[in-house]
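Data first, discussion second: the structure below is written as structure tokens.
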Amino acid sequence: MTQQPVIIAQDISKRFNDFQALDRVSLTVDPGERVVICGPSGSGKSTLIRCFNGLETHDDGKLTVDGREMSEGSPHIRQLRQDVGMVFQQFNLFPHLTVLENLMIGPRKVRGLSRHKAEELARTYLDRVHIPEQADKKPEQLSGGQQQRVAIARALCMEPRVMLFDEPTSALDPEMIGEVLDVMVDLAQSGMTMVVVTHEMGFARKVADRMVFMEAGRIVEIAPPEKFFSNPETRRAQRFLNQILGH
Amino acid sequence: MIRLRRILNLRVVAIALYLAIMATIIWASWAGAQRMGYNWQWYRVPQYLYTLSDDGFQPGELLIGLWASVKLSTAAFALAVVLGGAIAMLRLSGLIVGRGLAAVYLELIRNIPLLVLLYLFYYVLGPIFGLDRWGAAIITLAIFHSALISEIFRAGINSVAPGQWEAAAAIGMSRGQAFRHIIIPQSVRFMLPPLTGEVVHLIKSSAIVSVIAVAELTTVGRNIISDTYMSFEIWFTVAAVYLVLTLLLSFGVSVLERRFKTG
Ligand SMILES: Nc1ncnc2c1ncn2[C@@H]1O[C@H](COP(=O)(O)OP(=O)(O)O)[C@@H](O)[C@H]1O
Ligand SMILES: [Mg+2]
């Protein structure tokens with residue numbers, strides 16, 4: 001395994017019309033590392049991780065993911081996306097397919113595996129997220145927590161090198177957050193490289209190697225969790241933590 | 001007010017009301033024709049639909065005309081779907097040239113009357129490109145209906161949540177793969193009802209090609225009348241044949257739709 005970083009962002013910027021969504025952001029993610037990104041709504045967290053798999057393209061700076069430089073219309077973007085899994089806030093499961101088909105379609109159509117191989121893979125990952133019995137249901141028949149676990153399994157079926165999560169529990173009822181976080185903790189313990197946007201600070205404390213705090217399109221602070229939670233360097237991070245932890 | 005509406009919506013009441021209205025119309029036209037001294041000859045109509053002889057069932061002129069209308073409409077609809085699909089793609093593409101082309105095409109069709117379009121294809125472009133009546137009729141109907149069909153496709157595709165494109169892209173699908181495996185299967189559900197409406201619309205507007213003497217249902221009807229002078233009977237019959245065809249079609253599609261929903 002190569003020891004070069006999985007993600008290297010150097011001064012990347014992104015504008016939407018006149019709005020500066022990312023302002024010279026630099027961040028490096030090493031293999032096996034777990035990075036948690038937090039910050040107020042609209043601070044650019046989603047935009048940043050969407051750049052990491054090319055759902056957005058940065059205007060300025062340099063971004064290298066999995067050893068490939070990302071730019072507008074990169075020819076290897078599809079290859080790259082197979083190595084970068086993404087889990088969305090709204091799950092975005094394919095509603096016309098069963099759970100099993102949701103997991104198989106990537107391996108079959110994109111990786112070109114046989115039906116048999118793809119199903120084997122799908123069932124393995126469905127076990128990993130603890131819902132093997134839901135294989136033949138349609139997404140709409142599942143609870144929110146189950147749907148998000150299927151979405152995680154769908155991404156894992158591509159056997160990615162890094163997983164991106166964009167507020168994976170924000171759309172869930174409180175009683176379902178735990179089951180999704182448990183799956184993510186398992187994944188972290190298995191050594192997966194992860195970049196997670198979340199405000200679940202309990203999860204962050206447990207798995208994060210580094211905390212990244214963003215505000216107004218910039219990274220304001222990067223710190224190990226012990227330091228970030230007990231003694232953040234910036235007043236803004238302090239204020240944000242007070243708000244979110246409710247004291 | 002609300003109670004009145006509820007009573008009117010009862011199935012029995014609705015059917016009774018419908019029959020009463022139909023009876024009134026039929027009676028009024030019969031009485032009117034009577035006053036004109038019209039000589040009804042319904043007994044002569046069935047032979048134009050079919051004859052039963054020793055050779056068995058023989059379709060009459062009207063049924064042969066109907067079959068021609070069905071073939072014409074089918075060919076025109078198939079071509080309209082291809083054209084409409086291409087236009088929808090151009091409109092949805094990021095290409096400025098593509099969007100411009102589609103916009104010009106749509107504006108042109110929307111603003112030229114169908115009859116003029118037909119004359120244009122038959123009398124002007126026909127000789128230039130060697131189109132016969134049938135060719136001109138099929139192309140005219142296809143082009144005219146491709147406008148609304150492209151709109152149906154575009155609306156159907158846009159009604160799929162954008163997150164579906166993103167989820168497909170995120171597992172490495174190309175735009176084409178996402179389209180085929182994710183977007184189209186979800187949008188068919190939205191497209192089926194308006195597409196059926198468009199087929200019915202096309203069948204009805206296909207009657208217009210009788211002005212260039214394409215031998216379809218309406219033309220056949222007119223020819224029979226010029227031989228027999230039974231204009232009332234034949235026009236009623238022709239209208240009924242169109243009605244039966246379009247109602248059967250709508251019914252067939254509604255069955256199909258129900259299967260789509262459960263399946
Ligand atoms: N496609 C877009 N077009 C215009 N503005 C956008 C777009 N995507 C995001 N933005 C804006 O960029 C800012 C950052 O958005 P986002 O990255 O989603 O923030 P966060 O995930 O931290 O809440 C927001 O103000 C948002 O309105
Ligand atoms: Mg966000």
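A straight chain from residue A:74 to residue A:130 at 0.36 nm per residue would run longer than the Cα-Cα distance by 16.5 nm. Each label point was placed 7 Å from the Cα along the Cα-to-Cβ direction; for residue A:143 and residue B:99 their separation is 4.5 nm.
For chain B, hydrophobic long helices are taken as DSSP H runs at least 24 Å long by C-alpha position along their axis with mean Kyte-Doolittle hydropathy of 1.6 or more; these are B:61-92.
Taking label positions 7 Å along the Cα-Cβ direction at both residue A:238 and residue A:171, the computed distance is 3.7 nm, reported to one decimal. When the Gaussian network model of chain B links Cα atoms closer than 10 Å, the mean-square fluctuations of B:95, B:62, B:72 top out at B:95. Label point of residue A:16 set 7 angstrom out along Cα-Cβ; within segment A:47-85, amide nitrogens under 20 Å from it belong to A:47-61, A:72-73. Take the Cα of residue A:209, step 7 Å toward its Cβ, do the same at residue B:33, and the gap between the two points is 9.0 nm. Averaged per residue, the protein assembly as shown has 52 square angstrom of accessible surface, using a 1.4 angstrom probe with ligands and nucleic acids left out.
If I take R0 = 25 Å and measure r between the Cβ atoms of residue B:13 and residue B:239 in this structure, what FRET efficiency does the formula 1/(1 + (r/R0)^6) give, to the nearest 0.05?
On the way: r = 26 Å, r/R0 = 1.05.
E between residue B:13 and residue B:239, to the nearest 0.05, is 0.45.
What is the Cα centroid distance between segment A:108-153 and segment B:19-85, reported in whole angstrom? Using only Cα atoms, the two centres lie 55 Å from each other.
Expressed as a whole percentage, what fraction of the accessible surface of the protein assembly as shown belongs to carbon and sulfur atoms when a 1.4 Å probe is rolled over the protein heavy atoms? Solvent-exposed carbon and sulfur of the protein assembly as shown make up 59 percent of the total. Buried surface between chains A and B: roughly 1600 Å² of accessible area, summed over both sides, computed with a 1.4 Å probe on protein heavy atoms only.
Compute the relative contact order of chain B as a whole-number percentage, counting only Cα pairs closer than 8 Å that sit 6 or more residues apart in sequence. Walk me through the numbers before you get to the answer.
On the way: 224 pairs, mean separation 58.4, N = 263.
For chain B, the relative contact order is 22 percent.
The mean number of Cβ atoms from other chains found within 10 Å of a Cβ in peptide A:81-88 is 3, as a whole number. Cross-link pairs exceeding 32 Å in C-alpha to C-alpha distance, out of A:138/B:204; A:109/A:137; A:14/A:227, comprise A:138/B:204. When DSSP beta bridges are restricted to pairs lying wholly in segment A:140-228, around 50% turn out antiparallel. The residues packed around residue A:83, meaning those with a beta-carbon under 12 Å from its beta-carbon, carry a net charge of +3 if Lys and Arg are +1 and Asp and Glu are -1. Packing order of peptides A:96-107, B:168-179, highest average first: A:96-107, B:168-179 (average count of other Cβ atoms within 10 Å over each peptide's residues). Of all beta bridges that DSSP places with both ends in the protein assembly as shown, some 60 percent have antiparallel geometry. Within 10 Å of the Cβ of each residue in A:103-110, the mean number of Cβ atoms contributed by other protein chains is 4. Using the Karplus relation 6.51 cos²θ - 1.76 cosθ + 1.60 with θ = phi - 60°, the per-residue 3J(HN,Hα) values for segment A:63-80 come to 10, 10, 10, 6, x, 10, 7, 8, 8, 3, x, 3, x, 9, 4, 5, 4, 5 Hz, with x marking Gly and Pro.
The values are calculated or read from the model by the stated rules, or taken from the named source; none is laboratory data. Predicted, not measured: the structure shown is a model, and the values here were computed from it. Every residue, glycine among them, receives a Cβ derived from its backbone with ideal geometry; neighbour counts consider all protein chains shown. SASA here: full protein model, heavy atoms, side chains in, ligands and nucleic acids out. Shrake-Rupley method; radii C 1.70, N 1.55, O 1.52, S 1.80 Å.
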